[in-house]
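Quick notes on the structure that follows.
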Amino acid sequence: MRLRPTYRPPAATRYRAPGGPWDVPPLDAVLSARPVAGGAAVVDGPVRLDAVHLESMVAGLAGSLRRRGVGRGAVVTWQLPNWWEALVLYRACWRCGALPAPLHHQVGASEVAAMVEVLEPALAFASPSLPLAAHPGTVPVRDGGDGFTELLSGPAVTVSPSRPSDLAAVIFTSGSTGSPKAVLHTHRGLASKARAMASVHGLSGLDAVLMPAPLAHISGLLNAVLVPGAAGMRTVLMERWDVGAGLRLIEDEGISFMIGPPSLFTALLEDPGYSPGAVASLRVISSGMMGVRPEFIEAASAGLGAIVKRSYGSSEAPTVSTCTNDDPPERCRDTDGRARGQTELRIVDPISHRQRAAGRQGEVWIRGPELFAGYADPAQTEAAVHRGWFRSGDLGLIDADGWLTITGRLKDLIIRGGENIAAAEVEQALEAHPDIARAVVVGCPDARLGERVAAFVVARRPIDVAECLRWFAEFGMARFKTPEVVVQLDELPLLPAGKPDRAALKARADALGEAS
């Protein structure tokens, strides 16, 4: 079975016009056109690959894939940490027309089995310590042998280049609300997004990115493989995030661009090894997880001496909005930016599907060339796309000037006695408390009210319902939004992508509600 698009964005004339966002070659051509000029193109610990060496390995592996019978459109999957081999696998697949489908290195055996069933890969690669290695025919990587190394010197072959409309990647969502979905992207969509984001962030061959996020996720693929390739800049990989090592890499490698959650940059500022000189090379930072607070933007901008901005996107629609480097600082601080390139955003009533007026909250709908080509499961695609618009499931508002602010998730709305409460709004109030470091808010079942507000907090001292009542009154929040159940944790449960595991916390809240 071959994976095929289950949705095609509207083929508007402006998308197909010469010089437009869809007038792009396939990814192999985009990434080969601007090699890093001098020095290392990819850095992975002691391994430093210059552009010539990288190009040689991509060509050799592409030839080996073809020799092993991997034809155009065939799926190649792998499960690796953030190793340079993953980057070479992406590019070799695009070189020979295959479809790369990486698996997160932290997913377990049952999840891997389900993903492999969806993919039906022609070939698989894995670190010997990871679950995919147990599947028959998987090629081991860094196992002490020469198997993978030999593939890098495969024969040169004549290959048919991919078409811009061909599938270019399968990226699995993090699965916060059930089984991960297989998200399909095309060469045209990813190439147009890579070029657009290199321009929006003002990146060039003089820049370098530090990437601790998994290359199996859309952020890692976009910001460690595609944007650097489109801009001709250096990529520095980290197998696992370590704050002290991160600070040393920023200084030693002259890192100028980073993307990640607020906690990553807060940790840099709080580390004993931090100094303004250690981070002097940083120029642009983008933070895109839900709940990026204005206070964080201000503190990070001052402490890191860089342009720090919010951004919004997802596996299905990567970085659809952000600020440019020249936008007013208050817009970078208070909003998630404006739609970029040919992206269109709309705020609609989630029930009636009527468009909301400027400044009114509703569900964020997205349309544009970078949008995914659907899920592998057509039924999932049908549920997520309405008349050419992707229903994001996110709540937000757009002001009269087009600035987007994400306010929460539609599924995270808590309905207490007929009142709609956005979990993100309550979380923001909780995290403004001087002793609360992190907070996640979910609904707790209640026989009388339907739901109550339950808060899971990581705090420096004991926090209870009475303290929340006092704080919310001082903060100026409505009483009905005040948490009525408070659970203090040493740390929040996290998904592989680093996001809070809301499904696990909701299950705990449901159990508390049933017991009361």
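Key figures for this structure:
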read-out	value
Integer Hz, Karplus 6.51/-1.76/1.60 couplings in order for region 462-471, x for Gly and Pro	x, 10, 10, 4, 4, 5, 5, 4, 5, 5
Within region 220-293, trypsin sites (Lys or Arg not before Pro) in DSSP loop having at most 14 other beta-carbon neighbours inside 10 Å	ARG240
Candidates per trypsin sites (Lys or Arg not before Pro) in region 426-455, loop by DSSP, up to 10 other Cβ within 10 Å	ARG448
Within region 417-515, percent of DSSP bridges classed antiparallel, to nearest 5	75
Partners for LYS506 among lysines (Cα-Cα distance below 27 Å; same-chain residues under 8 apart left out)	LYS181, LYS411, LYS481
C-alpha long axis of helix 502-515 to longest principal axis of the chain, angle in °	30
Stretch gain in nm, segment ARG479-ASP143, where the contour uses 0.36 nm per residue and the Cα spacing is subtracted	115.1 nm
Residues with amide H under 5 Å from that of ARG409, placed H, sequence gap 5 or more	LEU395, ALA423, ALA424
Over the chain, relative contact order from alpha-carbon pairs under 8 Å, at least 6 apart, %	12
In Hz, Karplus ³J(HN,Hα) per residue of region 440-457 (6.51, -1.76, 1.60; θ = phi - 60°; x = Gly, Pro)	10, 10, 9, x, 10, x, 9, 5, 8, 9, x, 8, 10, 7, 10, 10, 10, 10
Considering only the chain, percent of DSSP beta bridges that pair antiparallel, nearest 5	60
Gyration tensor over alpha-carbon atoms, the chain, equivalent ellipsoid semi-axes in Å	38, 25, 24
Helical mean residue ellipticity (222 nm; -39500 (n - 2.57) per DSSP H run of 4+; nearest 500) of the chain	-8500 deg cm²/dmol
Of the trypsin sites (Lys or Arg not before Pro) in region 312-364, those whose Cβ has at most 10 other Cβ within 10 Å and which sit in DSSP loop	ARG354
Built amide H within the under 5 Å cut-off of ALA74, gap 5+	LEU99
Part-to-part distance (alpha-carbon centres) for region 418-458 and region 59-84, which is given in Å	46
For GLU451, residues with placed amide H under 5 Å, excluding near neighbours	GLY417, ASP446
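Bear in mind these aren't lab numbers, they're just calculated from the coordinates by the rules spelled out. Quick caveat, the model's predicted, so the values are computed rather than measured. Positions of Cβ are generated from backbone atoms using ideal geometry, with glycine treated the same way; all protein chains shown enter the neighbour counts.
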